[in-house]
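Novice: One structure, as structure tokens, below. Some questions next.
Rule-based calculations on the coordinates, nothing more; no lab input. Keep in mind the model is a prediction, meaning the values are calculated, not measured. Please note: Cβ atoms are built from the backbone with ideal geometry, for glycine as well, and neighbour counts cover all protein chains shown.
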Amino acid sequence: MIYQLLYSTVALCFGVSVFFRYVNDGMNFEFRSALSLLVLFLGEPFCHYVVGEVGGLLLYGLACVVMYLLLPAGEVTIKDRVVLITGCDSGFGHALAQHLDSLGCVVFAGCLHGDGEGATSLASSCSAQLKILQLDVTDAQQVDQARQVVQEYLGPHRGLWGLVNNAGLVYFGELDLLPFSMVQRSIDVNLVGMLRMTKTFLPLLRKGKGRVINMSSIAGSVPLMFMCAEGAAKAGVEAASHILRQELKKWGVQVSIVQPFAFKTGWQSSESMLTNYNQIRQALDKDTLDTYGLDYLDAFKHNLLNEESLNEDLGQVIGVMTDALTSRGPRAWYPCGRGTRSLVWLSNLLPTSILDMILPLLMLQIDVTPTGLRER
């Protein structure tokens with residue numbers, strides 16, 4: 001009798017909690033919603049009569065808690081909310097600006113080249129609500145000017161709903177070959193730029209109880225060859241994001257990391273890769289050039305320009321960035337791309353010796369031995 005009462009109490013609490021979640025959050029009925037009903041109506045008799053009294057009660061209670069946590073969070077209305085996106089010249093930022101504009105959002109699109117092709121394309125393809133900002137995230141003066149423009153638009157009583165720190169760049173190459181100016185530039189744009197933007201716009205985000213979405217990459221969590229500069233910067237982005245999420249919680253500001261893998265944006269185009277290689281080649285000193293050899297560099301260049309496995313459909317990434325802005329319960333981490341979640345999980349699980357054998361197989365394959373090793 002006592003166990004029947006306890007089972008009924010757990011079922012009642014779970015049912016009422018799910019009901020109010022639907023009422024308050026406006027959730028859509030989908031797979032997880034259907035699963036919650038199965039747990040509610042079939043889980044109780046199964047645990048009671050099949051598993052047993054004590055064990056079954058514990059299992060049923062645990063299933064209810066887990067199922068409640070997995071329920072979709074519902075969405076907030078994005079129409080007329082103000083979102084600032086950096087790096088809108090091309091790629092994810094450009095596509096997100098267009099998408100949010102189509103949803104009725106007021107978009108401030110920060111472009112490195114405010115009068116460039118990307119900015120012109122946005123201005124012509126989007127509504128008058130979208131506003132182009134000349135914005136280099138490494139330039140403190142431009143960042144402050146952007147803040148003034150956004151603050152003037154918002155007025156004294158409104159806050160900023162979203163800051164999407166998307167501006168970034170990628171330099172491929174071994175650290176031994178990269179000129180340090182490229183390493184510094186990667187950190188300045190990918191990490192310091194994100195921190196500068198977040199710090200500058202925090203007063204407006206606090207007022208709006210808004211969202212910060214920081215663009216990372218798989219290199220921020222998984223040690224991939226040829227991505228030392230980006231990996232160092234993006235690991236910093238992820239560490240800072242986790243800390244900011246805790247620090248800003250008291251203000252109602254939520255922080256999410258978007259972590260894409262193997263998507264083709266402007267930085268992965270053949271033109272950008274060729275520029276990447278030429279900058280490396282021109283900066284090499286004679287000793288390093290002699291140590292690696294021209295045939296090694298030619299093999300690196302060939303692989304750099306013939307990467308065909310990248311996904312040109314940015315829809316998945318735009319979808320999760322939108323979810324981070326519209327969900328009532330945005331996730332802390334949004335992995336995007338085939339195998340991203342598994343790669344991160346394996347990199348934390350596998351011994352270093354095994355990881356060091358597997359990960360190089362995922363990156364550029366250079367089948368040429370450096371000259372310095374052949375001469376030994």
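Novice: How big is the dipole moment of the chain about its Cα centre under a simple scheme where the beta carbon of each Lys and Arg is +1, that of each Asp and Glu is -1, and everything else is neutral? Debye, nearest 20, please.
Specialist: So the magnitude is around 1560 debye.
Novice: I've got another one for you. Considering the alpha-carbon set of the stretch 220-376 alone, what are its Rg and its Dmax in angstrom?
Specialist: Rg then Dmax for the stretch 220-376, in Å: 19.0, 62.
Novice: Tell me, Kirkwood radius of the stretch 98-171 from alpha-carbon pair distances, in Å?
Specialist: One decimal place: 13.2 Å for the Kirkwood radius.
Novice: Over the stretch 82-362, what portion of Cα pair distances is larger than 33 Å, expressed as a whole percent?
Specialist: Every Cα pair in the stretch 82-362 considered, those over 33 Å come to 22 percent.
Novice: If the only charges are +1 at each Lys and Arg Cβ and -1 at each Asp and Glu Cβ, what is the size of the charge dipole of the stretch 82-168 around the Cα centre, to the nearest 20 debye?
Specialist: 320
Novice: Looking at the P(r) of the stretch 220-286, how many percent of alpha-carbon pairs lie beyond 19 Å?
Specialist: Across the stretch 220-286, Cα pairs with separations above 19 Å total 53 percent.
Novice: Counting each DSSP H run of 4 or more residues in the chain as -39500 (n - 2.57), what helix-only mean residue ellipticity at 222 nm follows after dividing by all residues, to the nearest 500 deg cm²/dmol?
Specialist: That comes out to -16500 deg cm²/dmol.
Novice: With helices defined as uninterrupted DSSP H runs, which ones in the chain have an alpha carbon span along their own long axis of at least 24 Å and mean Kyte-Doolittle hydropathy of at least -1.0?
Specialist: Correct list, ordered by number: 2-25, 53-70, 228-247.
Novice: I'd like to know which of 151, 335, 280 lies farthest towards the positive end of the charge dipole of the stretch 82-362, counting +1 on Cβ of Lys and Arg and -1 on Cβ of Asp and Glu.
Specialist: About the Cα centre, the residue reaching furthest to the positive side is 151.
Novice: Enter the per residue convex hull volume of the stretch 159-288, computed from alpha-carbon coordinates, in Å³ rounded to the nearest integer.
Specialist: Normalising the Cα hull of the stretch 159-288 by residue number yields 97 Å³.
Novice: Treating only the Cβ atoms of Lys and Arg (+1) and Asp and Glu (-1) as charged, compute the dipole magnitude of the stretch 131-275 about its Cα centre; round to the nearest 20 debye.
Specialist: With only Lys, Arg, Asp and Glu charged at Cβ, the dipole is about 940 debye.
Novice: Please report, in whole Å, how far the alpha carbons of the stretch 267-308 spread along each principal axis, starting with the longest.
Specialist: Cα extents, longest axis first: 31, 17, 8 Å.
Novice: Given N residues in the stretch 296-359, what is its alpha carbon radius of gyration divided by 2.2 N^0.38 Å?
Specialist: Output field value: 1.56.
Novice: Residue farthest toward the positive end of the dipole of the chain, with Cβ of Lys/Arg at +1 and Asp/Glu at -1: which of 183, 297, 140?
Specialist: 140
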